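Participant: My questions will all concern the structure given below.
We did not get these values from a lab; they are worked out from the coordinates using the rules stated. This structure is a prediction, so every number in the text was calculated from the model and none was measured. Positions of Cβ are generated from backbone atoms using ideal geometry, with glycine treated the same way; all protein chains shown enter the neighbour counts.
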Amino acid sequence: MPKSAPPPIIEIQGLKNYLGGAWVHSDVNLTVNKGEILAIIGGSGSGKTTILRSLLMLQKPTAGLIKMFGQDIKSLSAEDTDTLRRRWGMMFQHSALFSAMTVLENILFPMTEFTKLDKQFTHELAMLKIKLVGLPKEAAGKYPAELSGGMQRRAAAARAIAMDPELLFLDEPTTGLDPHSARQFDDLILFLRDTLNLTIVMVSHDFESLKKTSDRIAFVGKGKILSVEPIAELMKNPDPLIADYFSNL
Amino acid sequence: MSQANQIKISFDVQEACYVCHGEWSISNLAGLLTEFKQIPTPKALKTIINGKNISVFDSAGALAIIRCMNQLNQDKKEVELKNFSPSQLLLIELVQSQYTSLLYEPPILKSENILHRIGEEAINKLNQADGVIVLIGDLSIKLFEAIITWRRFHLPNIVSNIYSAGIQALPIVALLSFLIGVVLAYQMGLQLQTYGANIFIAYISGMAIFREFSPLITAIIVAGRTSSAFTAQIGSMKINEEIDALYTMGLSPTELLVVPKMLGLVLVFPLLIFWSDVFSVLGAMFMSKTMLQVGYVDFLNRLRDSVGLKQMMLGLYKAPVFALIVSLVGCFQGFEVQSSADNIGSQTTKSVVQALFLIIVADAAFSIVYSWMKI
């Protein structure tokens, strides 16, 4: 294989979204490189989650080009789309764990659906994910409703990495957690990136978390990405919208 | 290309080491370990696993390597990993350090014996009966209070319930009643024809429709449509903590949610039964005309003379009872929902089944009472 610079994991060009009678995005351009942690921030209603949903193919963009792993998602066949979907993991804001299954079954679910591995192996692998996200092993047999909020997030993260994805999406991973759990979760994000060679895209409002984990931050406003830069530089950005965002910290 | 990606572990005799090939990732690992077991174990005490040709390596791959190593260790072999990248070794080390806890099996919940389950269910049912009684009591208090202050009847709420439970149900009630009327007249007509007693169709089908079929068909439709809707609505409000929000504001969910539903249904239920009466009779008339040659006017005259208003009223008297059953069961099961989406589904099922069950029991009770009263 040629050893040139690897292509970006995600490439968005001229993304437009028209939702509920209004333009949410007029022109979004963004690239995400391998191995980085990119955070998407912006005021409420600026369309951060809509960008995430477009990337995850949960929502068809009105116009624009989205390339995931170098493939244009519009031109993929159904089969290729499924293959593509298995290369990423998503952790939803409210965990979205299947409430009728235990934590272990939640993690085993994608494995048994998509692979032909034997039971013992998938069991060990699922337990490995549980340990990786820092849950005690006893959590495996519990139902999501029996876990605290912080543990539910961890379980959701474990399910998101069940299929060893290359790309992980996190929607507000630390929102609603107490500061201590939130900082621990930041450590987890960094740990996962380093051990599993993940690329991480997250939507977050948590300033501490952004400072600790993100490599670059994309600021969404006025239907565009106003700026993509590390947090230290972003805070000095003269754009009034960005300055206003950071002014109340 | 696909050849290069194929995952393989083989024993290289010349180098005296295991060689790994291809993508050691979760989607490719199936069958690898059985393949590994089939390789005859080398004689030498020390073996090497060479990871030079691995193209993709994830945590599943690391686990597979460890499984291979464990198997070799069982055969009292020393294993050395060679040509793995630092990050791969790190991952393997990480998995190795956690390996003991990976074998953890969550305790299996053992099912209780039959006596225990019967007892539990009995207590459950008693608690439910208790809950229903509390709800009825609460409802009565709110109703009496509301009679004193008219504002507390929440008229717009009642009207919207009349609309959703009554007016929107008109087409389906009409259609089903018409069909029941047709079917009923057809079945009875077959028998009457053999005796040449065609004109009695008006009496027989009229009695059956007014006293039993219309009230029951209406109740079944309303139980299916409305009781489930009540449960789902109150249940999702409960999950969303809206019920708790009402309590914290010092408002009563019973007054705001249950009373309007109940009153709306009590008001609209007799009208629905009457609507059903009309269409069932139409269906029976239609069938009598085409099958038994009993004209519309003859049918209606006969219906008035032999059945009359009294029998129709006997059917309509059932309406308030059925309305109470449907609204109480629907609302009660809604309040029983416990914080999960699964639960709404099961409670909705319960509410429809219980409402139907109670409606049929109540209908039987009406029959008994009517026969005591000799009407």
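Participant: What area, in nm² and to one decimal, does the C-alpha convex hull of the protein assembly as shown cast on average over all directions? Write out the running numbers ahead of the final one.
Facilitator: On the way: hull surface 170.6 nm².
It is 42.7 nm².
Participant: For the stretch A:77-135, what does the alpha-carbon gyration tensor say about shape, rounded, prolate or oblate, given a ≥ b ≥ c as the root eigenvalues, a/c under 1.5 as rounded, and a/b over b/c as prolate? Write down the numbers at each step before the final one.
Facilitator: Details: a/c = 1.88, a/b = 1.24, b/c = 1.51.
Since a/c reaches 1.5 but b/c is at least a/b, the shape of the stretch A:77-135 is classed as oblate.
Participant: Quick one: Cα centre-to-centre distance for the stretch B:318-375 and the stretch B:30-102, in angstrom?
Facilitator: Here the two parts' Cα centres lie 63 Å apart.
Participant: Sticking with this one: Based on the inverse mean of 1/r over its pairs of different Cα atoms, what is the Kirkwood hydrodynamic radius of the stretch B:115-373, in Å? Walk me through the numbers on the way to the answer.
Facilitator: Details: mean 1/r = 0.0501 Å⁻¹.
After inverting the pairwise mean of 1/r, the radius is 20.0 Å.
Participant: Step through the residues of the stretch B:364-375 one at a time and calculate ³J(HN,Hα) from phi using the Karplus curve (6.51 cos²θ - 1.76 cosθ + 1.60, θ = phi - 60°), rounding each to whole Hz and writing x for Gly and Pro.
Facilitator: 5, 4, 4, 4, 5, 4, 4, 6, 4, 7, 6, 10
Participant: While we're here: Please list, by residue number, every one of the GluC sites (Glu not before Pro) in the stretch B:1-93 that is coil in DSSP and has at most 12 other beta-carbon atoms within 10 Å. Working shown, then result.
Facilitator: Details: sites: B:Glu15, B:Glu23, B:Glu35, B:Glu78, B:Glu80, B:Glu93; in loops: B:Glu15.
Qualifying residues, ordered by number: B:Glu15.
Participant: How far, in degrees from 0 to 90, does helix B:59-74 lean away from the longest principal axis of the Cα atoms of chain B, to the nearest 10?
Facilitator: Between the helix axis and the principal axis of chain B, the angle is about 60 degrees.
Participant: Next up: Let me check I've understood the local charge: for B:Leu91, count other residues with C-beta under 12 angstrom from its C-beta, Lys and Arg +1, Asp and Glu -1. What total comes out? Present the calculation step by step, with values, prior to reporting the outcome.
Facilitator: On the way: positive: none; negative: A:Asp164, A:Asp194, B:Asp58, B:Glu93.
In short, -4.
Participant: Continuing with this model, one more query. List the GluC sites (Glu not before Pro) in the stretch A:110-219 that DSSP assigns to loop (not H, G, I, E or B) and whose Cβ has at most 11 other Cβ atoms within 10 Å. Which are they? Mind showing how you got there, number by number?
Facilitator: Values: sites: A:Glu113, A:Glu124, A:Glu138, A:Glu146, A:Glu166, A:Glu208; in loops: A:Glu166.
Taking the stretch A:110-219 and a limit of 11 other Cβ atoms within 10 Å, no loop GluC sites (Glu not before Pro) are found.
Participant: May I ask for the net charge around A:Asp27, where only other residues with Cβ less than 13 Å from the Cβ of A:Asp27 are counted and Lys, Arg are +1 while Asp, Glu are -1? All intermediate terms of the calculation are to be shown ahead of the outcome.
Facilitator: Numbers: positive: A:Lys16, A:Lys222, A:Lys224; negative: none.
With Lys, Arg at +1 and Asp, Glu at -1, the net is +3.
Participant: Less than 12 Å from a label point 7 Å out along the Cα-to-Cβ axis of B:Glu80: which backbone N atoms in the stretch B:24-50 qualify, by residue?
Facilitator: Output list for this probe position: B:45-50.
Participant: Still on this model: Can you give the convex hull volume of the alpha carbon atoms of the stretch B:8-102 per residue, in Å³? Could the numbers behind the result be given before it?
Facilitator: Numbers: hull volume 8.8 nm³, N = 95.
In the stretch B:8-102, the Cα convex hull volume per residue is 93 Å³.
Participant: Can you tell me what percent of all Cα-Cα pairs in the stretch A:12-117 are more than 23 Å apart? Provide the component values of the computation, followed by the final result.
Facilitator: On the way: 2228 of 5565 pairs.
Roughly 40 percent, rounded to a whole number.
Participant: Under the Kirkwood approximation applied to all pairs of distinct alpha-carbon atoms, what is the hydrodynamic radius of the stretch A:60-178 in Å?
Facilitator: Working: mean 1/r = 0.0651 Å⁻¹.
Computed over Cα pairs of the stretch A:60-178, the Kirkwood hydrodynamic radius comes out at 15.4 Å.
Participant: Tell me the trypsin sites (Lys or Arg not before Pro) within the stretch B:1-62 that lie in a loop according to DSSP and have at most 13 other beta-carbon atoms within 10 Å.
Facilitator: Details: sites: B:Lys8, B:Lys37, B:Lys43, B:Lys46, B:Lys52; in loops: B:Lys43.
Listed in order of number, the matching sites are B:Lys43.
Participant: Hey, another quick one. By DSSP, what percent of the beta bridges with both residues in the protein assembly as shown are antiparallel, rounded to the nearest 5? If you can, show how the numbers build up before the last one.
Facilitator: Details: 24 of 55 bridges.
Of the beta bridges lying entirely in the protein assembly as shown, close to 45 percent run antiparallel.
Participant: Follow-up question, since we're still on this one. Over the Cα atoms of chain A, Rg to Rh with Kirkwood Rh, two decimal places?
Facilitator: Working: Rg = 18.3 Å, Rh = 18.9 Å.
Rg divided by Rh gives 0.97.
Participant: Give the shape of the stretch B:61-159 as rounded, prolate or oblate, defined through the alpha-carbon gyration tensor: a ≥ b ≥ c are the square roots of its eigenvalues, a/c under 1.5 means rounded, and otherwise the shape is prolate if a/b is larger than b/c and oblate if not. Mind showing how you got there, number by number?
Facilitator: On the way: a/c = 8.65, a/b = 2.78, b/c = 3.11.
Judged from the Cα gyration tensor, the stretch B:61-159 comes out oblate (a/c at least 1.5, b/c at or above a/b).
Participant: So in chain B, what percent of DSSP beta bridges are antiparallel if you round to the nearest 5?
Facilitator: Working: 5 of 17 bridges.
If we restrict to bridges inside chain B, about 30 percent are antiparallel.
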